[in-house]
1. Can you tell me which residue among E38, E46 is farther than 20 Å from L112 by Cα and modelled with pLDDT of 90 or more?
2. Filter the stretch 306-363 down to the residues that are under 20 Å from L292 (Cα atoms) and of a type in the set (A, V, I, L, M, F, W, C), then identify the one that is surrounded by the most Cβ atoms within 10 Å (Cβ to Cβ).
3. What residue, of Q192, Q180, is surrounded by 12 or more Cβ atoms within 10 Å (Cβ to Cβ) and over 25 Å from the mean Cα position of the chain (by Cα)?
4. Residues that are more than 30 Å from E215 (Cβ to Cβ): find the helices (runs of 4 or more DSSP H) completely inside the stretch 93-190 holding 2 or more of those.
5. Among L430, L390, which is within 20 Å of H317 (Cβ to Cβ) and either more than 41 Å from the chain's Cα centre (by Cα) or of a type in the set (K, R) (or both)?
6. In the stretch 152-207, which residues are under 16 Å from L219 (Cα atoms) and of a type in the set (S, T, Y)?
7. Checking L383 against (1) farther than 24 Å from R261 by Cα; (2) among the aliphatic types (A, V, I, L, M); (3) in contact with a helix residue (DSSP H, G or I) (Cβ under 6 Å, 6 or more places away or on another chain), which single condition isn't satisfied?
8. Can you spot a residue in the stretch 342-363 that is among the basic types (K, R), part of a helix (DSSP H, G or I) and farther than 28 Å from K449 by Cα?
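The values are calculated or read from the model by the stated rules, or taken from the named source; none is laboratory data. Being a predicted model, the structure only gives us computed values, none of them experimental. Neighbour counts are summed over all protein chains in view; Cβ atoms, including those assigned to glycine, are modelled from backbone coordinates with ideal geometry.
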Amino acid sequence: MDKKAILIVDDDPGVRETLSHILRKKGYMPITAAIGKEALDKIKDEMLYVALIDLKLEDMSGLEVMKNIKKHFPMTECIMITGYASQGSAIEAVNLGAFSYMEKPYDMDQLLVIIRRAIQKREAEEALQESEERFHSLFEDSKDAIYITTREGRCIDVNQSGLDLFGYTREEMMVLKPRQLYGNSIDRRKFQKEIEQKGFVKNYEIKLRKKDGAEIECLLNVSVRQANDDGSSLEYQGIIRDITEQKQNQEELKRTLERLRKTLEGIIQTISITVELRDPYTAGHQQRVARLTHAIAKEMGLSEEQTEGIYMAGIIHDLGKISIPAEILSKPGKITEIEFSMIKTHPRVGYDILKNIEFPWPIAQIVLQHHERMDGSGYPQGLSGNDILLEARIVGVADVVEAMSSHRPYRPGLGIDKALEEIVQKQGILYDTEVVEACLKVFAEKGFKFE
């Protein structure tokens with residue numbers, strides 16, 4: 001612990017020696033002076049916490065010494081000590097800023113208690129001053145606008161960033177009406193009620209108006225506090241951050257992402273057309289599957305993002321068929337086991353083509369898994385149950401329904417009723433029950449039809 005300096009000003013050498021000895025034992029650093037001038041010379045370079053001053057000195061009064069100390073070191077606490085006590089001198093000492101007043105002979109324990117309290121007061125004042133300085137520094141150095149207003153909206157204080165942001169002088173800001181700043185962007189009474197009910201409003205997006213009339217996008221954080229002890233008056237303290245540029249950047253990013261998304265959609269559509277040009281009998285199959293997957297996903301309440309990903313995967317789920325000879329795909333008769341083995345490679349081939357493209361959806365995995373089945377009897381990995389992506393389970397059901405209901409080279413179309421009968425009979429075995437139920441609803445209740 002740093003030793004705290006205590007000045008002893010007394011013309012009695014015995015008093016100075018005794019006090020110095022006791023204070024040193026208590027961990028303080030005593031500094032002694034016999035007269036006022038000597039005391040004032042000694043304190044020039046010292047950080048004094050407390051001064052013990054005899055009221056009567058040879059060259060000047062103790063009150064004059066205290067006045068000089070307080071003038072140059074206002075936080076030093078002074079304790080007046082005298083053997084010539086009078087009510088008038090005690091009152092004068094306290095009025096001039098003395099922490100306490102003691103008469104000789106004094107009780108040493110009592111004096112030590114008073115010294116300790118004086119030091120505590122000094123430390124509390126230092127802490128408060130540091131806190132105020134830190135607040136003032138944060139207030140003035142902040143890049144955000146910081147303000148304090150009355151409940152009625154009259155500005156009490158605002159930092160330089162606030163003046164710069166809105167273009168007003170400090171004098172103009174002090175008389176500014178709230179409507180000039182807020183315009184019609186909020187219902188002020190409703191906003192005020194919300195703040196006072198919760199005590200604060202956090203990250204409130206609002207448009208505010210500058211002096212030149214330009215509107216800026218802002219993020220507002222406001223808290224309310226009592227301005228007096230009885231709570232009859234309230235003050236609002238707020239921080240305003242200009243997010244105009246940030247919002248503009250977000251909008252530009254949104255537009256860029258939308259352009260990229262449309263580009264991806266165009267690429268996917270082109271890939272789909274390329275595949276179907278090789279297989280005229282299944283032309284439109286992927287588009288019809290995609291439409292059904294989209295309807296099922298919406299019926300199941302999936303997110304817009306997830307629904308769009310399922311639709312995109314549906315459009316190119318048979319991409320891998322590009323590697324299968326066209327004569328096999330369009331063969332009118334029954335295909336051989338070898339030919340079927342080749343066809344079964346198309347999910348893996350599609351996956352290998354797509355796996356290095358950074359889509360915002362798991363398209364490559366959906367394509368890979370769309371022929372997997374709930375009981376593990378599917379291909380190419382033999383996945384089962386929840387190991388199969390939900391999106392792939394949806395594409396799988398839509399793929400079966402569309403394929404069975406449509407014409408194929410090796411058989412005529414079986415119709416939608418037979419296709420739905422197939423997925424009902426095998427729900428929970430080959431097909432996800434929840435997906436099957438949603439599929440039935442989009443046909444029966446939503447009137448879905450293949451075009």
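1. The unique qualifying residue is E38.
2. The residue in question is A313.
3. Q180
4. It comes to 108-141.
5. Exactly one residue qualifies, and that residue is L430.
6. Once the filter is applied, which keeps residues that are under 16 Å from L219 (Cα atoms) and of a type in the set (S, T, Y), the stretch 152-207 yields S161, Y182, S185, Y204.
7. (3)
8. yes
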